[in-house]
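As structure tokens, the structure follows; a few thoughts come after it.
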Amino acid sequence: MRWSDDKRQWRRSKAGAVKKSSKKTTPILKRGFNLAILSALILITAIYFFILPKFPVRHVVVQHGTVAIDEDAIRNAVSPHLRRGFFRAHVNGIQAALLQLTWIKTAVVEKTWPDNILIKLSLHDTVARWNKNAYLLDNGVIYQTHVPLTAVPLPEINSPENDAPALLGLYYAFKADLATEALSMQALNESSAREYSVLLSNGIVLNLGDKDLQQRMRRFVKVYPLELVDKANRIVYVDLRYENGMAVGWRSDGKTNIT
């Protein structure tokens, strides 16, 4: 037996003779099959466009620990993805929208039947206030918001430039050096002339100038426990813009140079 070119079906009779199957049933079966496919497509389309949107997302739960968040920003990012209902809300799209917010580090989005969306966030740490009206995050991003991101007092970083990553790196370097003497920064300031100064938490101002900044800071840290720590409450500023020494401004009228 062989198959013909037009792929007609053949069957063998009980007697062993070969008979051609009826041609009349083939178009009927094809029409029935096509009708079933069309009906399925119509049903799927109806479900997708008319039935699924009838299952709205009624609850969105955002977990973020105890850190303050900008709820309006999250709502604005997520809401457009919820308008088409629970089934058509894509978790990947919601996650991508949340990660566009520069203060969000990671976002995990889950659907919970029948109408809940669960969002788990981890946030970038807030390092400092930036120019008194914004925040500097640990990823070097300046974040403008009307919502206080933390109730903890933060140091200030002030600069006329927008080179936040460079200032952040300098802040971390100074912080590490000062910590060796249990000192901390209240403010790091950059002037329009690109000169730097540091206000310590004990009120002393360190004038560092525009070069050799870490070397000068380490010079101060080395001298501080030997010459200055017991006089700290009388010191107004320490000028470190010298090659091999520093000048100390006292609360009295005098000024003492230490080399």
Residues located in segment 155-184, provided they are outside any helix (DSSP H, G or I) and either surrounded by 15 or more Cβ atoms within 10 Å (Cβ to Cβ) or among the polar types (S, T, N, Q) (or both) | PRO155, GLU156, ILE157, ASN158, SER159, ASN162, THR180, LEU183, SER184
Total residues in segment 101-120, condition closer than 15 Å to THR145 by Cβ and in a strand (DSSP E or B) | 1
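Evaluate segment 83-100: report whether one residue or more is of a type in the set (A, V, I, L, M, F, W, C), surrounded by fewer than 18 Cβ atoms within 10 Å (Cβ to Cβ), assigned to a loop (DSSP other than H, G, I, E, B) and outside the structural domain of ILE157 (by TED's automatic domain parsing).
Yes, the conditions are met somewhere in segment 83-100.
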Tally, over segment 76-111, of residues that are modelled with pLDDT of 90 or more and of a type in the set (D, E, K, R) | 3
Given the conditions (1) in a helix (DSSP H, G or I); (2) in contact with a Ser or Thr (Cβ under 9 Å, 6 or more places away or on another chain); (3) not charged (D, E, K, R), every one holds for ALA187 apart from (1)
Criterion: β-branched (Val, Ile, Thr) and crowded, with 17+ Cβ neighbours inside 10 Å - qualifying residue of VAL236, VAL223 | VAL223
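The values are calculated or read from the model by the stated rules, or taken from the named source; none is laboratory data. What you see is a predicted model, and the numbers here were worked out from it, not measured in a lab. Positions of Cβ are backbone-derived with ideal geometry, glycine not excepted, and every protein chain shown enters the neighbour counts.
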